[in-house]
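Asks: Can you read through this structure? Questions will come right after.
The values are calculated or read from the model by the stated rules, or taken from the named source; none is laboratory data. It should be emphasised that the depicted structure is a prediction, and the values quoted were computed from it without experimental measurement. As a convention, Cβ positions derive from the backbone with ideal geometry for all residues, glycine included, and neighbour counts pool all protein chains shown. Only protein heavy atoms, including side chains, enter the accessible area calculation; ligands, DNA and RNA are left aside. Shrake-Rupley method; radii C 1.70, N 1.55, O 1.52, S 1.80 Å.
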Amino acid sequence: MNILDKLKANKVPEGFAESKRIQIAQRLTEFPRELFSIADQLEILDLGGNQLSDLPDDFDRFKNLRILFLTDNKFEHIPTVLAKCENLEIIAFKSNRVKIIEEDCLPLSTRWLILTNNQIKSLPNSMGQLTRLKKLALAGNRLSSLPSSMASCKELELVRLSANELLHIPDWLLSLPRLSWLAFSGNPVCKSSNLNPVQIHQVEFDSVKLNHKIGEGASGVIYHAGWAYSQDNTIEKTESIAVKLFKGMVTSDGYPQDEIQCCLKAGEHPNLIEVLSYIEDSEQLGLVMTLISSEYKNLGLPPSLESCTRDIFEVDTSLSSLGALKIAYQMADTLRHMHQQDVSHGDIYAHNTMIDSQNNVLFGDFGAATNLDVLNVEQKTKMLSIEMRAFGCLLDDLLKLIKASDPLTESLKKLSQLAMNEYTSLRPTFIEMRAQLFELQKIHGSSE
């Protein structure tokens with residue numbers, strides 16, 4: 001008996017843990033009013049994968065609701081009743097049909113707003129009142145501009161704007177004091193006659209054989225695969241590869257074509273996962289990459305609902321101060337290289353970073369990468385400063401994995417705080433950060 005049937009039969013005891021978090025995907029066309037029987041207990045409600053188009057006018061009876069997922073439904077608007085839900089922090093209308101966001105329809109408590117893959121042409125000025133907003137996902141809409149009132153959203157840390165119709169990137173956005181992860185590929189502002197797409201060999205989807213899944217990110221699923229090289233109809237060799245298949249023509253980060261181009265534009269670096277080819281046909285886009293040794297493991301896990309913008313880690317994850325230094329140096333050098341190619345990563349996180357037992361780094365996942373050629377010098381400088389804050393957050397996360405503090409830990413902590421300085425102009429460049437980390441390596445010796 002599923003939870004909805006239990007509610008209908010009045011078989012959910014008061015205070016039962018199951019009534020705090022509800023998920024129902026039964027192609028519902030109307031909101032299940034049976035949920036009101038646990039209105040005082042419900043904290044997380046997931047009604048994704050239904051056919052809902054509205055919420056009841058008394059939805060605010062869910063006084064303790066903190067998280068609401070309405071992904072993959074048929075909403076064309078954001079119900080204004082949500083503004084009355086004073087404890088609602090996370091709201092998701094991903095992959096609906098939302099066209100209109102009315103003024104004052106969102107609660108001031110909103111911390112994480114997911115509106116990816118809709119038909120939104122404009123945002124209301126009241127967005128500027130969401131001063132607690134930390135994470136905003138708007139990729140795959142029809143936005144041509146952003147309201148200047150959003151300059152008041154000083155807590156914003158992650159913003160996804162790819163695959164819209166933006167004509168320019170506002171200076172106030174690039175100047176937000178806590179912004180760390182920004183992506184805006186696939187907009188008219190990114191098109192320029194001076195940009196030449198990077199060329200690479202294309203292969204057919206049927207030329208690779210998928211074996212098993214080895215990873216998954218926001219934009220795609222990665223498989224262990226085999227790739228047969230042939231010449232004159234004779235197979236020369238077969239090698240194991242990794243294949244990333246994108247989740248549709250528009251992902252939560254933007255267009256796969258932009259990821260492919262940025263990945264190739266970044267070029268080769270010892271700490272970047274090497275791309276060999278790409279797949280493009282009417283039904284599937286993908287990247288063919290070198291297969292990473294099984295010795296490499298993901299350094300972290302993606303942010304949780306509670307941590308919002310910051311990664312989480314397995315409970316047994318630990319680092320020495322020298323290990324953290326080695327990882328930080330490699331990351332700083334890799335990002336310095338990418339920025340010299342005018343590519344920002346947009347997703348500098350431990351969960352996109354792989355390490356082996358010697359703390360050697362492989363960095364990847366260009367889903368949120370942006371070609372910076374289109375920005376003027378001042379804006380490009382601000383964009384790199386945003387990336388520096390993300391690096392500071394990563395370093396801060398690494399420091400939390402160190403069990404025993406020492407002088408090196410304190411030195412790294414100062415660098416992390418400098419990188420996260422809310423005065424963007426006071427943050428170091430990646431050339432400067434790399435140099436300071438190099439000096440620390442000389443003073444304290446190399447990592448184990």
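Asks: Give the average over all directions of the projected area of the C-alpha convex hull of segment 290-448, one decimal, in nm². List each step's numbers first, then the result.
Replies: Working: hull surface 39.7 nm².
It is 9.9 nm².
Asks: Using the C-alpha gyration tensor of segment 1-111, what are the square roots of 5 times its eigenvalues, in whole angstrom, with the largest one first? Don't jump to the answer; show the numbers that get you there.
Replies: Details: eigenvalues 103, 54, 24 Å².
Working through the eigenvalues yields semi-axes of 23, 16, 11 Å.
Asks: Ok, one more. Between residue 312 and residue 54, with labels modelled 7 Å along Cα→Cβ, what's the label distance in nm to one decimal, could you check?
Replies: So the two model labels end up 3.7 nm from each other.
Asks: Additional query: State the extension gain, in nm to one decimal, for the chain segment bounded by residue 201 and residue 280, taking 0.36 nm per residue of separation less the distance between their alpha-carbons. Numbers along the way, then the final one.
Replies: On the way: separation 79, 0.36 × 79 = 28.44 nm, distance 1.08 nm.
Full extension of this stretch gives 27.4 nm more.
Asks: Also, quick follow-up: Give the aspartates and glutamates whose C-alpha is closer than 13 Å to that of residue 121, dropping any in the same chain fewer than 8 places away, or say none.
Replies: 76, 102, 165
Asks: Could you give the size of the charge dipole of segment 197-355 about its Cα centre, using +1 on the Cβ of each K and R and -1 on the Cβ of each D and E, expressed in debye and rounded to the nearest 20?
Replies: Values: 10 positive and 22 negative charges, 77 e Å.
Computed charge dipole of segment 197-355: roughly 360 debye.
Asks: Accessible area, 1.4 Å probe, largest first: how do 160, 434, 178 sort?
Replies: Working: 160 10, 434 75, 178 55 Å².
Largest accessible area first, the residues go 434, 178, 160.
Asks: Another question about this same structure. Just for the chain, what percent of DSSP beta bridges are antiparallel, to the closest 5? Walk me through the intermediate numbers first.
Replies: Working: 38 of 64 bridges.
DSSP beta bridges in the chain are roughly 60 percent antiparallel.
Asks: Okay, next question. Rank these by accessible area, largest first, 1.4 Å probe: 333, 406.
Replies: Details: 333 20, 406 55 Å².
Descending order: 406, 333.
Asks: Let me ask something else. With a ≥ b ≥ c taken as the square roots of the eigenvalues of the C-alpha gyration tensor of segment 363-448, please select rounded if a/c is under 1.5 and otherwise prolate if a/b is larger than b/c or oblate if it is not? Numbers along the way, then the final one.
Replies: Values: a/c = 2.06, a/b = 1.85, b/c = 1.12.
Judged from the Cα gyration tensor, segment 363-448 comes out prolate (a/c at least 1.5, a/b above b/c).
Asks: Just need the Rg to Rh number for the chain, please, alpha carbons only, Kirkwood Rh. Intermediate results must be reported in sequence, preceding the final value.
Replies: Values: Rg = 23.2 Å, Rh = 23.5 Å.
Using only Cα positions, Rg/Rh for the chain is 0.99.
Asks: When we measure straight from the Cα of residue 20, which lysines land under 29 angstrom away, once same-chain ones fewer than 8 places off are left out?
Replies: 6, 8, 11, 63, 74, 84, 94, 134, 135
Asks: Determine, for each peptide in 375-382, 201-208, the mean count of other beta carbons within 10 angstrom over its residues, then list the peptides with the highest first.
Replies: On the way: 375-382: 14.8, 201-208: 12.9.
Final packing ranking: 375-382, 201-208.
Asks: Can you list the lysines whose alpha carbon sits under 21 Å from that of residue 380, skipping same-chain ones fewer than 8 residues off?
Replies: 154, 191, 265
Asks: Going from most exposed to least, what order do 355, 222, 443, 78 have by accessible area with a 1.4 Å probe?
Replies: Working: 355 25, 222 50, 443 120, 78 5 Å².
Sorted by accessible area, descending: 443, 222, 355, 78.
Asks: About its Cα centre, how strong a charge dipole does the chain have in debye, to the nearest 20, once Lys and Arg get +1 and Asp and Glu get -1 at the Cβ? Please list the in-between numbers first.
Replies: Working: 45 positive and 58 negative charges, 162 e Å.
For the chain, the charge dipole is close to 780 debye.
Asks: Also, quick follow-up: Just to compare against my own numbers: the Cα pair-distance distribution for segment 106-149, 5 Å bins, whole % per bin, please.
Replies: 6, 22, 29, 30, 13, 0
Asks: What nm value, rounded to one decimal, do you get for the distance between residue 211 and residue 378 when each label is placed 7 Å out toward the C-beta?
Replies: 5.3
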